[in-house]
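What follows draws every value from the coordinates through simple rules; no lab data is involved. Since the structure is predicted, the reported quantities are computational estimates derived from the model, not experimental observations. Ideal geometry is used to build each Cβ from the backbone, glycine not excepted, and the neighbour counts take in all protein chains shown.
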Amino acid sequence: MGNHTLRKVTNMLRFIRFGIFSLILITATIHIVLAYPLGLLGFYVIAAGFYMIAIAYANPFNRFNRNHVVSILRIWTIATLVLWLFLGDRALIAFLDKVTELFIIGLLWVEQRLA
């Protein structure tokens, strides 16, 4: 792979990783917004999990194994989707959040293919 191609892939990975990080923060914030009026503990737990995963995902040091963090993020996101299918509200903001989570899963797949 040439130097120019490697630089393009690296820039693309940075862009994709920033997008994943942003989507994680968006979905965590949506869960906080949904939990606040009713004090729903489960939503706070999901949001806290997404925030902690975002910190580990964006960590520039090699303290965490990136593959483990990505696997945890993928499992956490799929778990929230499955829980929503069985227990979730069918409000518009919930559907928007699930679209956000599907984008997270899709971008994780793209990141895995480029890395």
Would you work out the charge dipole size for the chain about its Cα centre, treating the Cβ of every Lys and Arg as +1 and the Cβ of every Asp and Glu as -1, and quote it to the nearest 20 debye?
-> 500 debye
State which stretch of the chain is the longest one without any exposed trypsin sites (Lys or Arg not before Pro), exposure meaning a DSSP loop state and at most 13 other Cβ atoms within 10 Å.
-> 1-62
Could you pull the Rg and Dmax for the range 51-115, using just the Cα atoms, both in Å?
-> 13.3, 40
Rounded to 10°, Cα long-axis angle of helix 66-87 versus longest principal axis of the chain = 30 degrees
Ordered by residue, what ³J(HN,Hα) values in Hz, to whole numbers, does the range 5-18 give under the Karplus form 6.51 cos²θ - 1.76 cosθ + 1.60, where θ = phi - 60° and Gly and Pro are x?
-> 5, 4, 5, 5, 5, 4, 5, 5, 4, 4, 5, 5, 5, 5
May I ask for the longest run of the chain untouched by chymotrypsin sites (Phe, Trp or Tyr not before Pro) that are loop-located per DSSP and have at most 15 neighbouring C-beta atoms (other than their own) within 10 Å?
-> 1-60
Take the eigenvalues of the Cα gyration tensor for the chain, scale each by 5, and report the square roots as semi-axes in whole Å, largest first.
-> 29, 14, 12
Expressed as cubic angstrom per residue, what is the convex hull volume of the alpha carbon set of the range 1-57?
-> 58 Å³
Residue order, fewest to most beta carbons within 10 Å, for T100, T80, T10, T29 = T10, T29, T100, T80
